[in-house]
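Everything below concerns the one structure shown next.
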Amino acid sequence: MPRRHIHVTGAAEAALRAALRALRTRLDVPGEFPPDVLAAAEAAAKAPRLPEQDATDLALFTIDPPTSVDLDQAMHLARREGGGFRVHYAIADVAAFVTPGGALDAEAHRRVTTLYFPDGKVPLHPPLLSEGAASLLPDQVTPALLWRIDLDADGRTEATDVRRALVRSRAKLDYAGVQRRIDAGTAEEPLALLKDIGLLREALERERGGISLNVPEQEVVEREGAYSIEYRAPLPADGWNAQISLLTGMAAADLMTAAGTGILRTLPTAPDGAVARLRRTAKALGIDWPHHVPYSEVIRSLDPSRPAHAAFLQECTTLLRGAGYTVFEHGEVPEPAVHAAVAAAYTHCTAPLRRLVDRYAGELCLAAAAGEEPPAWTREALAALPQEMADGTRRANTAERECVDLVEAAVLEDRVGELFDARVVDIKDNEPTVGTVQLEDPAIVARIEGDGSLPLGERIRVRLTQADPGSAKVLFAPV
């Protein structure tokens, strides 16, 4: 996608900050951590519950955005004697620091997820833990849930184990740096294998009918106190890294279903009407989609750097709505119990520093792997978790979208009346004069209202008619 860095300065920046404060109030976003929670975090950081196993000799590494310090996962990849691969995946052991029923636990249930804003984040746990003692920071000995997943030469799972262990990451890597090393052939084997395993897992994803949407991300970027909106096309390394997380989430789901107690991340199959609507959008955007080809194959053929393809990938996200969490006990696994996009049973378990449910999934998997009953505190909380997560996810999604809307309005505030090149990416079914346009420059997606039917999929000139950071409203009209 065409990109240009546009910064919010002066009065616009002040209006943006005021609007962000108002948004936090409206969404009832938690503020500072209460004193008793901070005291509990300080005590836990000094004396976590440490496991017996020491795996600090394992040369783990993390892959995250450069500025991230709340590091949930670290990995080590190796070839197995006789063929295949061994994946070690360490997940931050939040339960080593959080006492069930204590102040930290209660606050985590109130917050549910970490919320991200342009001017900072509202963490699930106090930074002393999430960015310090519980984070898998390099050269820090940290308690973790250490997964060991053995794969055959085709990347299929052969054996899974998970147990508590002390770990120590050796390096904090970022996606761009990982991509450069792998492309240049300078990556050592534990990192170079990320591509080999990632490609094998992507092939298996295609085989089972799963999809991974490589949608260009619309990022809010702060530089020197000012904000801008940019598109970031995912790198292949993003996808390979995501495949390791997906692998672990699928292994966790298999462990829990075999044990008869667990919580799954589920997504129903998209209804025929939604797929038919997506086909109309594909036609309008010039995307070749033969009737005998499933949409998962069409998605894999697209290039997210092309505007029409990026617009279509964004529309494909409508097929992923309706995801939720499904609890089961006593071996009564509901049907269907799969995530339609993953095309397999799957659960969230790899981000406990930022998502409440992952701590519980981790405990259930530990018990399942050991052939033991889950701790009472996990079973007692299971029934309420799906609704808690639904409420927290809804708040996180609203905060993310409205933050982008606010920044878009601030970026464009002084450009009302100007003309822009855009593409119509969506039209209301019952109101063809109203829809959504994706600007080519700057990287903005916004509402458009016209006097006549909008030309879905076409590249048009639009005029900015409204941009108000106070109300987060941006509106265009066709020229």
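How much area per residue is accessible in the chain when the probe is 1.4 Å and only protein heavy atoms are counted (Å²)?
Accessible area per residue: 43 Å².
Can you send over the carbon and sulfur percentage of the accessible area for the chain, probe radius 1.4 Å, protein chains only?
Ligands and nucleic acids excluded, carbon and sulfur reach 49 percent.
Relative to the compact globular guide of 2.2 N^0.38 Å, what is the alpha carbon radius of gyration of the stretch 320-439, as a ratio?
Working: Rg = 21.1 Å, N = 120, 2.2 N^0.38 = 13.6 Å.
Its radius of gyration relative to the 2.2 N^0.38 Å reference: 1.56.
In the P(r) worked out for the stretch 32-88, what percent of Cα pairs fall beyond 13 Å?
Working: 1220 of 1596 pairs.
Counting pairs separated by more than 13 Å, the tail of P(r) holds 76 percent.
Each residue of the stretch 115-127 in order: what ³J(HN,Hα) in whole Hz does its phi give by Karplus 6.51 cos²θ - 1.76 cosθ + 1.60, θ = phi - 60°, with x for Gly and Pro?
Each residue's phi maps through the Karplus curve to give 9, 10, 10, x, 9, x, 10, 10, x, 5, 10, x, x Hz.
Looking at S453, I211, A47, which one has the Cα that reaches farthest to the positive end of the dipole of the chain (charges on Cβ: Lys, Arg +1; Asp, Glu -1)?
Value computed over the given set: S453.
Would you compute, for the Cα atoms of the stretch 155-219, the largest minus smallest coordinate along each principal axis and list the three values in descending order, in whole Å?
36, 33, 28
Dipole magnitude of the stretch 372-432 about its Cα centre, charges +1 at Lys/Arg Cβ and -1 at Asp/Glu Cβ only, in debye to the nearest 20?
Values: 7 positive and 16 negative charges, 18 e Å.
So the magnitude is around 80 debye.
Which one of Y360, L58, Q387 is farthest out on the positive end of the charge dipole of the chain, using unit charges on Cβ (Lys, Arg +1; Asp, Glu -1) and the Cα centre as origin?
Sorting the options by dipole projection puts first Q387.
Any idea what the dipole of the chain comes to, in debye rounded to 20, about its Cα centre with Lys/Arg Cβ at +1 and Asp/Glu Cβ at -1?
Details: 52 positive and 70 negative charges, 124 e Å.
For the chain, the charge dipole is close to 600 debye.
With angles folded into 0 to 90 degrees, how steeply does helix 385-412 sit against the dominant principal axis of the chain? Use alpha carbons for both and round to 10.
With rounding to tens, the tilt is 40 degrees.
Using the Cα centre of the stretch 319-387 as origin and beta-carbon charges of +1 (Lys, Arg) and -1 (Asp, Glu), tell me which of L320, H348, V333 is placed farthest towards the positive end of the dipole.
L320
At q = 0.08, 0.12 Å⁻¹, work out log10 I(q)/I(0) for the chain with the Debye formula, treating every Cα as an identical point scatterer and leaving solvent out; two decimals please.
Log10 of I(q)/I(0), two decimals: -0.52, -1.19.
Just check the stretch 131-255 against the gyration tensor rule for me: Cα atoms, a ≥ b ≥ c as the square roots of the eigenvalues, rounded for a/c under 1.5, and otherwise prolate or oblate depending on whether a/b exceeds b/c.
It is oblate, given that a/c is not under 1.5 and a/b is not larger than b/c.
Pairs of alpha-carbon atoms within less than 8 angstrom and 6+ residues apart define the contacts here; what relative contact order does the stretch 338-479 have, in percent?
Relative CO of the stretch 338-479 lands at 19 percent.
So what is Rg over Rh here for the stretch 202-353, counting just Cα atoms and using Kirkwood for Rh?
The Rg/Rh ratio comes out at 1.02.
What are the GluC sites (Glu not before Pro) within the stretch 36-86 that DSSP puts in a loop, where the Cβ has at most 11 other Cβ atoms within 10 Å?
Answer in residue order: E52, E81.
Hey, which lysines would be in cross-link range of K195, C-alpha to C-alpha under 30 Å, not counting anything within fewer than 8 residues on its own chain?
Answer for K195, where 30 Å is the Cα cut-off: K172, listed by chain and number.
Only sites in a loop by DSSP and with at most 13 other Cβ atoms within 10 Å count here; which trypsin sites (Lys or Arg not before Pro) in the stretch 42-96 make the cut?
Of the trypsin sites (Lys or Arg not before Pro), the ones in loops of the stretch 42-96 whose Cβ has at most 13 other Cβ atoms within 10 Å are R49, R80.
Report, in cubic angstrom per residue, the convex hull volume of the C-alpha atoms of the stretch 89-137.
97
Which angle between 0 and 90 degrees, to the nearest 10, do you get for helix 189-208 versus the longest principal axis of the chain when only C-alpha atoms count?
Taking the Cα atoms of the chain, the angle to 189-208 is about 70 degrees.
Can you give me the angle between helix 35-46 and the longest principal axis of the chain, using Cα atoms only, in degrees from 0 to 90, rounded to the nearest 10?
Roughly 50 degrees, rounded to the nearest 10.
Filter the GluC sites (Glu not before Pro) in the stretch 292-364 to those in DSSP coil with at most 16 other Cβ atoms within 10 Å of their Cβ, and list the result.
On the way: sites: E297, E315, E329, E332, E363; in loops: E329, E332.
Those satisfying the criteria are E329, E332.
Could you work out how far apart the two model spin labels at T398 and E32 are, taking each label as a point 7 Å from the Cα in the direction of the beta carbon, and quote it in nm?
2.6
Which values of log₁₀ I(q)/I(0), to two decimal places, follow from the Debye formula for the stretch 375-427 at q = 0.13, 0.21, 0.24, 0.26 Å⁻¹ with a uniform point scatterer at every Cα?
Log10 of I(q)/I(0), two decimals: -0.59, -0.91, -0.99, -1.02.
The values are calculated or read from the model by the stated rules, or taken from the named source; none is laboratory data. Model, not experiment: these values are computed from the prediction. Note that each Cβ is placed from the backbone with ideal geometry, even for glycine, and that neighbours are counted across all protein chains shown. To get the accessible areas, we keep the full protein, side chains included, count just its heavy atoms, and leave off ligands, DNA and RNA. Shrake-Rupley method; radii C 1.70, N 1.55, O 1.52, S 1.80 Å.
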